[in-house]
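Only one structure is covered here, and it is reproduced in the block below.
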Amino acid sequence: MNSIYKKIYKKIKEYDEIVIARHVGPDPDAIASQIALKKIIENIFPNKKVYAVGTSVSRFRYIGTLDKVDESTLNNALLIITDVPKFDRVDGAYKDRYACTIKIDHHPCDEIVCDLELVDESSSSTCQLILEFIFKNKIKIDSEIAAILYAGIVSDSDRFLLSYTTSETFALVSKLMHDYPFDIMEVYTNIYDRPINERRFEAYIIDNITITPNGFGYINITNDIIKKFEVDNSTPSNLVNDLNFIKELKAWAFSSYDDKTNLYKINIRSRNIVINDVAEKFNGGGHKFASGARLKTLDEVNKLFEALDNRCKEEKEKQS
Ligand SMILES: [Mn+2]
């Protein structure tokens with residue numbers, strides 16, 4: 001019987017032009033999964049044209065560089081989307097242009113959107129799924145690709161702190177490190193080195209976050225504050241995990257304003273309280289305990305905060 005891993009390998013083999021895309025507002029797992037997959041395919045099939053597309057983010061350039069492709073020139077191409085559940089959040093690729101589509105992802109999703117799908121909601125990261133794909137197909141990689149995949153797994157699991165971290169995660173990572181040794185400190189430096197102004201900004205957030213009696217923490221981060229601390233609009237998203245393990249916080253959310261899209265961007269995290277269904281009601285979604293939303297008005301932002309506080313209240317009442 002052909003497993004999904006084998007089926008995906010077969011499809012990749014069939015197509016000469018392959019585009020790999022991931023979600024808008026990428027994180028290290030999104031970029032690492034697409035770049036690693038591109039390198040893997042290029043190693044096995046040097047004659048294929050493989051493009052990893054989407055807006056580049058300078059702070060993730062250590063993972064690799066992205067490509068531009070004119071989709072109108074493609075004919076009979078394969079599209080692989082990684083780390084993204086649906087096409088409305090795919091950055092830089094349009095489904096209709098492709099002869100075949102594949103999805104590799106760990107976000108919850110109630111629909112089939114691609115011809116072939118490797119989806120596992122219980123996986124720590126999309127990079128973990130890529131690792132499974134590699135080992136199941138006995139693909140040879142190298143230490144450079146290994147370091148990229150490790151960066152994605154470490155980052156998405158928040159250094160193995162999140163509940164999606166399983167024995168499977170450690171088994172795969174152990175084999176990866178054993179077979180393809182890489183410089184672990186270099187990976188951590190790339191992911192975690194921060195300028196002092198960013199840490200000061202984090203201190204500001206901790207100083208100014210409001211915590212309700214139900215254990216919900218929220219803060220509206222204005223653009224004046226972003227300017228004052230000389231950080232950028234994506235910085236709040238990068239810091240949101242750092243509020244984990246604060247005793248008084250069961251769930252928390254940051255709101256910041258994005259001038260480019262004219263939308264409020266909300267990052268939501270929780271400890272064991274399901275919040276993605278709340279985010280979904282406010283033009284958002286994501287994982288059970290790590291979600292986000294994009295909203296037009298501050299009024300909607302406040303309504304979302306209220307709904308999240310209510311969710312915390314319900315949970316508190318259940319437990320008492
Ligand atoms: Mn991910």
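Summary of values
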read-out	value
Sorted peptide list for 260-267, 233-240, criterion being average Cβ within 10 angstrom, highest first	233-240, 260-267
Fraction of antiparallel bridges per DSSP, the range 4-191 only, in percent to nearest 5	5
Near-label residues of the range 4-35 by backbone N, under 18 Å of a point 7 Å along Cα→Cβ of Asn47	10-18
Label-point separation, Asn75 to Asn223 (7 Å along Cα→Cβ), nm	4.6
Fully extended contour minus Cα-Cα distance, from Glu280 to Leu161, at 0.36 nm per residue	40.4 nm
Which of Glu111, Glu42 has the fewest Cβ neighbours within 10 Å, and the rest in rising order	Glu111, Glu42
Coarse-grained scattering of the chain at q = 0.08, 0.15, 0.16 Å⁻¹, given as base-10 log I(q)/I(0) from a Debye sum over alpha-carbon atoms	-0.38, -1.27, -1.40
For the chain, share of DSSP beta bridges that run antiparallel, in % to the nearest 5	45
Computed magnitude of the charge dipole of the chain (debye, nearest 20; Cβ of K, R +1, Cβ of D, E -1)	340
Farthest positive-ward along the chain dipole, Cα basis, beta-carbon charges - from Ile134, Ile211, Thr235	Ile134
Antiparallel content of DSSP bridges confined to the range 198-319, in %, to 5	75
Selected from Ala279, Ser3, Tyr257, residue furthest toward positive end of dipole (the chain; charges at beta carbon)	Ser3
Out-of-range pairs (alpha-carbon distance over 23 Å; input Lys38/Lys138; Lys38/Lys260; Lys95/Lys175; Lys227/Lys313; Lys7/Lys95)	Lys38/Lys260; Lys95/Lys175; Lys227/Lys313
Rounded Å value of the spacing that divides the Cα centres of the range 275-320 and the range 56-110	28
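Each value in this text was obtained by applying a stated rule to the coordinates, not by laboratory testing. These figures come from a predicted structure and were not determined experimentally. Backbone-built Cβ (ideal geometry, glycine too); neighbour counts: all protein chains shown.
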